[in-house]
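The values are calculated or read from the model by the stated rules, or taken from the named source; none is laboratory data. Everything quoted here is computed from the prediction, not taken from an experiment. Virtual Cβ from ideal backbone geometry, glycine too; neighbours counted across all protein chains shown.
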């Protein structure tokens, strides 16, 4: 990992933990729809600036963009449902942990395992295991039955969404950068993809709202009692992932990005402890220390 990618991911991790704290207080697909709509509107100037290039994007990249936006929708909707049924200190670590294990496995299946060093891979495993330990109050609580519930199911759905869009986004951005037809820099490729994905993901959320009575009611409630929290959240959400997309061309394998992003977990845990007044149990403390060590291994591995 380069210094550029590490700095971008650190800033993104802080933003990610913050918008999850905000969304936990209003966990619904409708909230995310309003938030992401605000983020997409804020990015319109970027679309206008690159308007001539948008018409030249090859069909294979557009297809990757479409599939990526579907996975982004799965991630967001799964996260909303998980937060409706479980606390942030349980849902957040699980959603962030599983992609650390799933993405390297997918890369191994696709024949890209040689890009991941043993030190980095070991760090990813440590991060993944540690994140699963975080919700425990006592190490004796480590039983499979404790994860057989709705919050774990939706957290798993959300994690699969994260895994899917992370792999596809990495491939799409590299394809855009290497396209002779587009002739774009790393930054331009990431920026254009970021904006288009944000707009399409918002459209999928809007489509979901059309077929969900509960979410329509949630949307009416948000509009009736309008405040700026969803708007702020949406802009931070959009910028935080934009920074991740910008970091992808600066690493050899997207697994490094997915793993190092878990820096947001100790940040999120700190917000939970000091803002939401959650208890710092001993297993959580041990897991946070292990995550920090795992992040160091990933950054140098």
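Determine whether region 280-291 contains at least one residue that is within 30 Å of residue 38 (Cβ to Cβ) and assigned to a helix (DSSP H, G or I). No; the residues of region 280-291 include none that is within 30 Å of residue 38 (Cβ to Cβ) and assigned to a helix (DSSP H, G or I). None of 219, 207 is in contact with a helix residue (DSSP H, G or I) (Cβ under 6 Å, 6 or more places away or on another chain) and within 30 Å of residue 66 (Cβ to Cβ) except 219. Every condition in (1) at pLDDT 85 or above; (2) buried (at least 18 other Cβ atoms within 10 Å of the Cβ) is met by residue 67 except one, and the failing one is (2).
The one condition from (1) over 21 Å from residue 134 (Cα atoms); (2) buried (at least 23 other Cβ atoms within 10 Å of the Cβ); (3) over 12 Å from the mean Cα position of the chain (by Cα) that residue 238 does not meet is (3). Being under 30 Å from residue 252 (Cα atoms), surrounded by fewer than 20 Cβ atoms within 10 Å (Cβ to Cβ) and over 18 Å from the mean Cα position of the chain (by Cα) is a property that holds for residue 58.
Only one of these is over 15 Å from residue 194 (Cβ atoms) and either at pLDDT 85 or above or touching a helix residue (DSSP H, G or I) at 6+ places or on another chain (Cβ under 6 Å) (or both): 3, 74. Name it. Being over 15 Å from residue 194 (Cβ atoms) and either at pLDDT 85 or above or touching a helix residue (DSSP H, G or I) at 6+ places or on another chain (Cβ under 6 Å) (or both) holds for just one of 3, 74, which is 74. For region 15-55, the set of residues classified as over 21 Å from residue 69 (Cβ atoms) and at pLDDT 90 or above is empty. For region 258-294, the tally of residues that are more than 17 Å from the chain's Cα centre (by Cα) and under 28 Å from residue 140 (Cβ atoms) stands at 24.
More than 16 Å from residue 238 (Cβ to Cβ), buried (at least 20 other Cβ atoms within 10 Å of the Cβ), over 15 Å from the mean Cα position of the chain (by Cα) and touching a residue at least 60 places away in the same chain (Cβ under 8 Å) - does that describe any residue in region 31-49? No, region 31-49 contains no residue that is more than 16 Å from residue 238 (Cβ to Cβ), buried (at least 20 other Cβ atoms within 10 Å of the Cβ), over 15 Å from the mean Cα position of the chain (by Cα) and touching a residue at least 60 places away in the same chain (Cβ under 8 Å). Residues in region 174-205 that are part of a helix (DSSP H, G or I) and more than 28 Å from residue 230 (Cα to Cα): 174, 175, 176, 177, 178, 186.
Among the residues of region 72-91, are any farther than 30 Å from residue 270 by Cα, in contact (Cβ under 8 Å) with a residue 40 or more places away in the chain and crowded, with 21+ Cβ neighbours inside 10 Å?
Here is the first cut: in region 72-91, the ones farther than 30 Å from residue 270 by Cα are none.
The answer is no, given that none of the residues of region 72-91 is farther than 30 Å from residue 270 by Cα, in contact (Cβ under 8 Å) with a residue 40 or more places away in the chain and crowded, with 21+ Cβ neighbours inside 10 Å.
Just so you know, in region 107-146 the residues that are at pLDDT below 70 and assigned to a loop (DSSP other than H, G, I, E, B) include one that is surrounded by the fewest Cβ atoms within 10 Å (Cβ to Cβ), and it is 111.
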